[in-house]
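These notes concern the structure reproduced below.
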Amino acid sequence: MPGHNRVGRRTSLSAVTFAIGACSLAISAWALAPAQEESAVTYSTNDLGMEFVSVPAGQFPMGCSEGVKPVECSADEKPRHTVQITKAFEIGKTEVTQKQWQAVMGSNPSSHKGDTLPVEQVSFQDVQAFLGKLNARNDGFLYRLPTEAEWEYAARAGTADQFAGAKVANSLGRYSPADDWAWYNVEQTQPVANKKPNA
């Protein structure tokens, strides 16, 4: 990817969590394929140091994972259905950091400050302004938010598990946490890339 013409490449930048206004990015994915070794994952980096991972086209079962308790899925996750991702895309390796947001926007709206912490307290409109300024840089990438299907495809990383990579009972529960993959019972955001990535 670096070293050849990137104009026209569509790079998914971030998924927005509206409840807390956090601008976050997903990691890599290879849906319905065996987990890839880290060396097989292809990254590209923009001039701000944002890393993006290539995600191939493919299909995956979207929605509530098989075998989960009914209370662990909301109504909009049912029925589980197959989704076809028809075009390869790139998605951010981590959440957008406050340092990256500051470099583009000139301000930092986050409550918990730190260069390597994910930016938070941003609205959908804030993210659209961020994307507009990124695209105005004309760096050969075309930045956009991923679709819900693209985000889930990347997050599942080729697994059908409820929590991609976390294979413990009650993965995100208080007494048997998935320490390697997720933060839990913390009172503020944590630095990006301190947990294991999915495949």
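Counting only residues at least eight positions apart within a chain, or on another chain, the aspartates and glutamates with an alpha carbon under 14 Å from that of LYS133 are ASP47.
Put THR94, THR147 in order of accessible area, highest first, and with a 1.4 Å probe you get THR147, THR94. Average accessible surface for segment 44-129: 52 Å² per residue, computed with a 1.4 Å probe over protein heavy atoms with every protein chain in place. Convex hull of alpha carbon positions in segment 46-159: directionally averaged projected area 8.7 nm². A cut-off under 9 angstrom between Cβ atoms defines the neighbours of VAL104, and their net charge, with Lys, Arg +1 and Asp, Glu -1, is +2. Working from label points 7 Å from Cα in the Cα-to-Cβ sense, the PHE124 to ASN185 distance is 3.6 nm.
Approximating the spin labels as points 7 Å out from Cα along Cα→Cβ, the GLU51-to-GLU77 distance works out to 2.8 nm. Close amide H contacts of GLU90 (hydrogens built in the peptide plane, cut-off under 5 Å, sequence separation of 5 or more or a different chain): SER12, VAL55.
The values are calculated or read from the model by the stated rules, or taken from the named source; none is laboratory data. Just so it is clear, the structure is predicted and the values come from calculations on it, not from any experiment. Methodologically, a virtual Cβ is constructed for each residue, glycine included, from the backbone with ideal geometry; neighbour enumeration extends over all protein chains shown. SASA here: full protein model, heavy atoms, side chains in, ligands and nucleic acids out. Shrake-Rupley method; radii C 1.70, N 1.55, O 1.52, S 1.80 Å.
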